[in-house]
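J.: Handing you this structure, nothing more for now.
Every read-out reported here was derived from the displayed coordinates using simple, explicitly stated rules and does not represent laboratory data. Computed from a predicted structure; not experimentally measured. So basically every Cβ, Gly included, is an ideal-geometry build from the backbone, and we count neighbours across all protein chains shown.
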Amino acid sequence: MVTGQFANWIVLGLVFFAAVLVVLALAPMILGRTDIKARLASQGGSAAVDSGPGSIRNDAISSRWARLLQQIEERGLNLTDSASNKIAEKLQMAGFDQPWAPRAFTLARAAGTLGLPTLMLLFIAVSGNWPTPGKLYMFVMGSALLGLYAPGIIVSGRADERAKEILNGFPDTLDLLLVCLEAGLGIDAAFSRVGSEITSSHPLLAKLFGQVSLELRAGRSREAALRLLAKKSGVPEITAFTTLIIQSDKLGASVASALRIYAAEMREQRRMRAEEKAHRIPVLLSIPLVCFMLPTMVAVLMLPAAIGMKNQMATVDKQRAAQQQ
């Protein structure tokens, strides 16, 4: 029986490593465009580093991650995903706006898918507690799925936290922008001024507004810069704000009047979100109260009565024993 289980483990291990070797062997053949890109880059005299859409300054060549990814791709493993545009948008919403971020995300998923099962097998081999072949297969597949989906879960969580932080500071930013416009500044100068003023209080919005200011100074049109702002933020309220600015600019309407109304709506929505969270507190507190406080209160109320009943029953028993004697 032990020999049969050991043979099954050996077969499962050989199948797993054979599949890994087949994938590593076929990747350069299927994705053979890497060599072509390398030759074109060498003939052009510059590194083949993709620049992100809408970026003004590209420091990816001096980045350690970019050099590492470039060296990996030069060795025959292409990290460009078929859904790289969607991955890039998702990473931008999470704050990873570097040109090499999609390739690093693909590398992290591949390393997790292959690395976690390997670490689990090494841990089981060192500990010596080998499970049954079925459980071993489930453990390996579960760790592989965890390594595949964990980077996406982390990026989604960071994107949600970033969107909340941007949304909470957006009404204050609109008020400052409205003050700058009513003071006589143009919309381009107002973005630059507000971005420098909110650096300490709302750094994410300051970065976004600073990027808009840089885009405008570089010669990009106001509409394109604002739409890029909405795309990088990933917040529907900022998308509506950019649409409002673009439409007011095209129609010749007063941007300050439109911003005053929109800022009031944003403050009202923030107040409603705060009230919603406040109304959820009693419901959330009921769970620990029922789980921890209620058993304690029941014990405190019932324990004296239980002790009294026990003492009374002991007294009755003593009286019966005395009467029988």
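J.: Sort the following peptides by mean Cβ neighbour count (other Cβ atoms within 10 Å, averaged over residues), highest first: 278-291, 160-173. Please report the intermediate quantities before stating the final value.
T.: Values: 278-291: 9.8, 160-173: 17.4.
Listed from highest to lowest mean packing, they are 160-173, 278-291.
J.: Extending each Cα 7 Å along its Cβ direction at Trp130 and Glu275, get the distance between those two points in nm, one decimal.
T.: Computed distance between label sites Trp130 and Glu275 equals 6.6 nm.
J.: Lys and Arg at +1, Asp and Glu at -1: add these up for the other residues within a Cβ distance under 12 Å of Ile154 and post the number. Each step should come with its number before you reach the end.
T.: On the way: positive: Lys90, Arg109, Arg158; negative: Asp160, Glu161.
In short, +1.
J.: Tell me the relative contact order for segment 167-272 as a rounded percent, counting alpha carbon contacts under 8 Å between residues six or more apart. Mind showing how you got there, number by number?
T.: On the way: 88 pairs, mean separation 29.1, N = 106.
Relative contact order for segment 167-272 comes out at 27 percent.
J.: Okay, moving on. Picking from Val212, Ala264, Ile245, whose Cα lies most toward the positive end of the charge dipole for segment 167-272 (charges on Cβ: Lys, Arg +1; Asp, Glu -1)?
T.: Val212
J.: Shape verdict for segment 199-238, please, from the Cα gyration tensor: rounded (a/c under 1.5), prolate (a/b greater than b/c) or oblate.
T.: Details: a/c = 3.25, a/b = 1.27, b/c = 2.55.
Oblate, because a/c is 1.5 or more while a/b does not exceed b/c.
J.: To continue, here is another question. If packing is taken as the average count of other Cβ atoms within 10 Å, what order do 140-152, 118-130, 303-315 fall into, highest mean first? Kindly include the intermediate steps, with their values, before the conclusion.
T.: Details: 140-152: 16.0, 118-130: 11.9, 303-315: 9.8.
Highest to lowest by the protection proxy: 140-152, 118-130, 303-315.
J.: Moving on. Between their Cα atoms, which of Lys86/Lys164; Lys164/Lys207; Lys90/Lys164; Lys164/Lys250; Lys250/Lys277; Lys90/Lys135 are more than 27 Å away from each other? If you can, show how the numbers build up before the last one.
T.: Working: Lys86/Lys164 21 Å; Lys164/Lys207 16 Å; Lys90/Lys164 15 Å; Lys164/Lys250 30 Å; Lys250/Lys277 39 Å; Lys90/Lys135 35 Å.
Going by Cα-Cα distance, Lys164/Lys250; Lys250/Lys277; Lys90/Lys135 fall outside the 27 Å limit.
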